[in-house]
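The values are calculated or read from the model by the stated rules, or taken from the named source; none is laboratory data. As the structure is a prediction and not an experimental result, all values here were calculated from the model. Note that each Cβ is placed from the backbone with ideal geometry, even for glycine, and that neighbours are counted across all protein chains shown.
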Amino acid sequence: MTVKWGILSTADINRKVIPGAHASEKAELIAVASRDQRRAEEYAREWEIDRAYGSYEALLEDGEVEAVYISLPNALHCEWSIRALEAGKHVLCEKPMSRHVGDVETAFDAAEKAQRILMEAFMYRHNPQTRRL
């Protein structure tokens with residue numbers, strides 16, 4: 001099963017995620033969104049992503065996008081995670097999800113209501129050194 005992904009932002013950290021997504025047989029990176037259409041188009045061309053959106057809302061309206069990677073500024077993580085979940089998308093959100101526990105609880109409530117997966121991209125959780133602990 002291949003999951004079709006979209007990225008909310010053209011942040012530099014995406015450079016660590018996109019090559020793996022392109023190499024994976026289980027992920028297909030099909031869309032990227034920026035607040036600026038031209039920036040989204042340039043980024044999509046650079047990274048060989050088919051669709052470019054000039055707003056985050058437009059990407060969330062794309063019915064083929066099944067999951068989103070959120071690499072927006074930290075203060076926007078919870079808001080856009082919730083909006084993505086409400087749009088029916090699974091969410092992988094960069095850390096920190098929020099500085100406020102109540103916001104995180106609200107996001108996980110939204111995931112439960114939408115019956116979608118919400119996960120924080122906390123790499124140490126899957127690090128072999130952590131498993132030893």
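Given the options A52, A31, A58, name the one that is part of a helix (DSSP H, G or I), among the aliphatic types (A, V, I, L, M) and either under 11 Å from G6 (Cβ atoms) or in contact (Cβ under 8 Å) with a residue 12 or more places away in the chain (or both).
Numbers: A52 fails: part of a helix (DSSP H, G or I); A31 fails: part of a helix (DSSP H, G or I).
Result of the check over A52, A31, A58: A58.
Name the pairs: first residue in region 89-107 and among the aliphatic types (A, V, I, L, M), second residue part of a loop (DSSP other than H, G, I, E, B) and modelled with pLDDT of 90 or more, Cβ to Cβ under 8 Å, at least 6 apart or on different chains?
So the pair list comes out as V91/R116; V91/I117.
Quick one: is R83 touching a helix residue (DSSP H, G or I) at 6+ places or on another chain (Cβ under 8 Å), buried (at least 17 other Cβ atoms within 10 Å of the Cβ) and modelled with pLDDT of 95 or more?
On the way: touching a helix residue (DSSP H, G or I) at 6+ places or on another chain (Cβ under 8 Å): yes; buried (at least 17 other Cβ atoms within 10 Å of the Cβ): yes; modelled with pLDDT of 95 or more: yes.
Answer is yes for this residue.
Under 6 Å between Cβ atoms, at least 6 apart or on separate chains: pull out the pairs that start in region 1-15 with a residue that is touching a residue at least 40 places away in the same chain (Cβ under 8 Å) and outside any helix (DSSP H, G or I) and end on any residue that is surrounded by 14 or more Cβ atoms within 10 Å (Cβ to Cβ) and acidic (D, E).
V3/E66; K4/E28; K4/E66
Keeping to region 32-78, report how many residues are among the polar types (S, T, N, Q), at pLDDT 95 or above and within 21 Å of K16 (Cα to Cα).
Let us first name the residues in region 32-78 that are among the polar types (S, T, N, Q), namely 34, 37, 55, 71, 74.
Imposing the further condition that a residue be at pLDDT 95 or above reduces the set to 34, 37, 55, 71.
Remaining after also requiring within 21 Å of K16 (Cα to Cα): 34, 71.
The qualifying residues number 2.
Which of (1) surrounded by 14 or more Cβ atoms within 10 Å (Cβ to Cβ); (2) part of a loop (DSSP other than H, G, I, E, B) does A44 not meet, given it meets every other one?
(2)
Mind counting the residues in region 49-66 that are charged (D, E, K, R) and more than 17 Å from K89 (Cα to Cα)?
In the first step, residues of region 49-66 are kept if they are charged (D, E, K, R); the result is 50-51, 57, 61-62, 64, 66.
Those still in the list that are more than 17 Å from K89 (Cα to Cα) too: 50.
Residues meeting the conditions: 1.
Hey, among I49, I13, which residue is of a type in the set (V, I, T) and in contact with a helix residue (DSSP H, G or I) (Cβ under 8 Å, 6 or more places away or on another chain)?
Details: I13 fails: in contact with a helix residue (DSSP H, G or I) (Cβ under 8 Å, 6 or more places away or on another chain).
Exactly one residue qualifies, and that residue is I49.
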